[in-house]
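Read through the structure below, which is laid out as structure tokens, and then see the notes.
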Amino acid sequence: MRQIDHFITGGSGSAGSGRKHQVWNPSTGEVQAEVALGDAALLAKAVETAKQVQPGWAATNPQRRARVMFKFKQLIEDHMQELAELLSSEHGKVIDDAKGDVQRGLEVIEFACGIPQAGKGEYTTSAGPGIDVYSMRQPLGIGAGITPFNFPAMIPMWMFGMAIAAGNAFILKPSERDPSVPVRLAELFLEAGAPEGLLQVLHGDKEMVDAILDHPDIAAISFVGSSDIAQYIYERGAANHKRVQAFGGAKNHGVVMPDADLDQVVNDLAGAAFGSAGERCMALPVVVPVGEDTAERLKAKLIPAINALRVGVSNDPEAHYGPVVTPEHKARIESWIDTAEQEGAEIVIDGRGFSLQGHENGFFVGPTLIDHVTPDMESYKEEIFGPVLQIVRAKDFEDALRLPSEHQYGNGVAIFTRNGHAAREFAARVNVGMVGINVPIPVPVSYHSFGGWKRSGFGDIDQYGMEGLRFWTKSKKVTQRWPDGGGDGSNAFVIPTMG
Ligand code: NAD
């Protein structure tokens with residue numbers, strides 16, 4: 001059995017707890033590896049290393065730090081195929097989609113290559129007589145990232161790319177379900193010239209996460225995963241005086257106005273609802289046609305498009321999507337379809353009990369379409385995170401606007417229309433963090449920032465871009481004067497003003 005170890009300076013040695021977690025190949029349903037699960041003692045060792053290496057890295061001039069990022073970018077590009085195959089074999093997403101996972105992380109590394117420019121401070125000369133004011137951003141010290149299974153390359157790079165470029169050391173605790181790519185990224189980062197110990201990968205479950213939350217020398221934690229755990233991380237991390245950003249689950253809606261180009265919508269929806277087996281936080285699992293006529297026309301076009309989807313093993317180049325991540329997750333998705341049926345929704349296309357010929361043990365779920373879903377149903381309120389598209393019919397624009405605005409999650413939303421006024425109104429008024437206008441998966445590019453609202457995001461600073469830089473640094477403000485010795489008549493008995 002292949003063993004996946006921590007990536008820690010000096011080796012994990014005997015400091016690990018000895019516990020292990022099975023890593024599946026979701027396409028075959030076989031266990032393909034075991035990953036070591038760490039504990040507080042192992043974390044303490046990693047933090048000691050990080051404390052040694054971080055001050056030197058922070059003192060390295062930003063152009064030299066950027067060169068490591070440039071080299072890392074090159075190495076990822078050179079290893080793209082290998083990374084995508086490894087990712088796909090543990091996650092189950094198809095190879096091209098796995099390349100997208102790597103690529104969207106790489107784009108944050110590209111932004112991080114610009115750290116000398118992005119990290120420049122602000123300066124005001126002569127803010128008062130002979131007084132200058134400037135601010136600088138300084139690294140926090142040691143940052144940690146706790147990441148979900150569904151983007152094992154992209155999300156770790158969102159975090160450590162920005163944190164390390166800004167001068168921090170970083171400890172990554174990736175998902176124990178697909179841990180190999182994060183380790184490979186850390187190996188490549190070392191090869192790119194990063195000092196040993198700057199980026200360490202510690203595997204684990206709740207035990208390791210709790211150790212991270214409680215360690216006094218970890219200054220900031222970035223988390224992405226499900227909402228209840230995000231809230232827990234936010235609360236416990238903040239109680240321990242850490243800076244915390246914690247992104248949670250999602251239930252993104254796609255509003256379809258009567259004037260939308262339905263062929264385009266169906267094409268976009270198929271990819272956004274079923275791509276990666278629906279295991280994306282920016283998937284579009286709810287479609288909201290406005291008006292009965294739109295609903296009927298849309299449904300008529302959706303049915304053949306969904307029936308034409310090809311489900312396959314993750315390295316099938318013809319497959320639209322592959323298996324889901326674990327047998328437990330397959331069972332959970334199917335039980336949500338049961339719930340929807342019991343709640344009175346119409347199961348138009350039923351993906352339960354799907355079996356792929358020759359791969360009967362794989363964790364496949366067939367594409368599922370559910371109509372007449374209503375806001376009071378549990379299957380609407382909760383995240384399903386599978387290849388399941390729900391239709392919620394809205395009577396008019398205001399009704400459609402209310403649905404995503406009032407939902408507990410507020411990650412992404414899309415509107416499909418040819419009407420600029422409706423789109424503009426929607427974008428301005430919807431109570432959701434990321435909006436697509438005729439764009440089904442509106443993940444902002446790396447030089448903007450990513451973050452949802454409501455139960456999709458706890459904390460107040462977004463991921464990557466300038467927001468990421470702000471999260472991983474603290475600002476220092478300096479007010480200076482250099483008196484010439486003659487006395488300038490100032491006194492501090494009265495609060496100084498620039499009046
Ligand atoms: P998860 O919450 O199960 O796991 C996320 C991380 O938390 C993992 O590293 C895991 O080891 C750790 N963890 C699990 N249980 C824990 C516990 N009880 N205490 C402490 N830590 C624990 O999430 P997942 O299933 O890996 O990922 C899917 C979820 O992530 C979905 O809800 C999805 O919407 C969400 N997600 C959100 C975003 C976003 O940006 N908002 C992006 C990707 C995924």
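Applying the condition of being surrounded by fewer than 24 Cβ atoms within 10 Å (Cβ to Cβ), of a type outside the set (G, A, S) and closer than 14 Å to D396 by Cα to the range 268-301 and asking which residue is nearest to the ligand (Cβ to nearest atom) yields T294. When the range 320-334 is examined, which residues are found to be under 20 Å from E30 (Cβ atoms) and surrounded by fewer than 20 Cβ atoms within 10 Å (Cβ to Cβ)? Answer for the range 320-334, where residues must be under 20 Å from E30 (Cβ atoms) and surrounded by fewer than 20 Cβ atoms within 10 Å (Cβ to Cβ): T326, P327, E328, A331. The set of residues from the range 220-231 being near the ligand (Cβ under 8 Å from one of its atoms) and either within 15 Å of the chain's Cα centre (by Cα) or assigned to a loop (DSSP other than H, G, I, E, B) (or both) comprises F223, V224, G225, S226, S227, I229, A230.
G486 passes every criterion in (1) touching a strand residue (DSSP E or B) at 6+ places or on another chain (Cβ under 8 Å); (2) surrounded by fewer than 14 Cβ atoms within 10 Å (Cβ to Cβ); (3) not aliphatic (A, V, I, L, M) apart from (1).
Restricting the range 359-390 to residues that are free of Cβ contacts under 8 Å to residues at least 40 places away in the same chain and surrounded by 24 or more Cβ atoms within 10 Å (Cβ to Cβ), the residue that is nearest to W24 (Cα to Cα) is T368. Which one of Q22, Q32 is in a strand (DSSP E or B) and without any contact (Cβ under 8 Å) to a residue 40 or more places away in the chain? Just a single option satisfies the conditions, and that option is Q22. The residues of the range 421-435 that are more than 10 Å from G410 (Cβ to Cβ) and crowded, with 22+ Cβ neighbours inside 10 Å amount to a single one, F426.
Evaluating V413 against the criteria (1) within 16 Å of the ligand (Cβ to nearest atom); (2) out of contact with any Phe, Trp or Tyr (no Cβ under 9 Å at 6 or more places or on another chain) leaves one unmet condition, (2).
Considering only the range 208-219, I want to know if a residue exists there that is β-branched (V, I, T), more than 14 Å from the ligand (Cβ to nearest atom) and over 17 Å from the mean Cα position of the chain (by Cα). There is at least one residue in the range 208-219 that is β-branched (V, I, T), more than 14 Å from the ligand (Cβ to nearest atom) and over 17 Å from the mean Cα position of the chain (by Cα).
Yes or no: L185 within 30 Å of P289 (Cα to Cα), of a type in the set (A, V, I, L, M, F, W, C) and away from the ligand (no atom under 14 Å from the Cβ)? Against the criterion (within 30 Å of P289 (Cα to Cα), of a type in the set (A, V, I, L, M, F, W, C) and away from the ligand (no atom under 14 Å from the Cβ)), L185 does not qualify. For the range 232-261, residues that are farther than 13 Å from D460 by Cα, within 11 Å of the ligand (Cβ to nearest atom) and among the polar types (S, T, N, Q) total 1. If you check I337 against the conditions, is it without any contact (Cβ under 8 Å) to a residue 24 or more places away in the chain and within 21 Å of D376 (Cβ to Cβ)? No. Residues that are free of Cβ contacts under 8 Å to residues at least 24 places away in the same chain and not small (G, A, S) do occur in the range 37-52.
Among the residues of the range 136-146, those identified as surrounded by fewer than 24 Cβ atoms within 10 Å (Cβ to Cβ) and of a type outside the set (A, V, I, L, M) are R137, Q138, P139, G141.
Since every read-out is calculated from the coordinates, none of them should be taken as a lab result. Predicted model only: the values in this text are computed from it and were never measured. Glycine also receives a Cβ, built like all others from the backbone with ideal geometry; neighbour counts cover every protein chain displayed.
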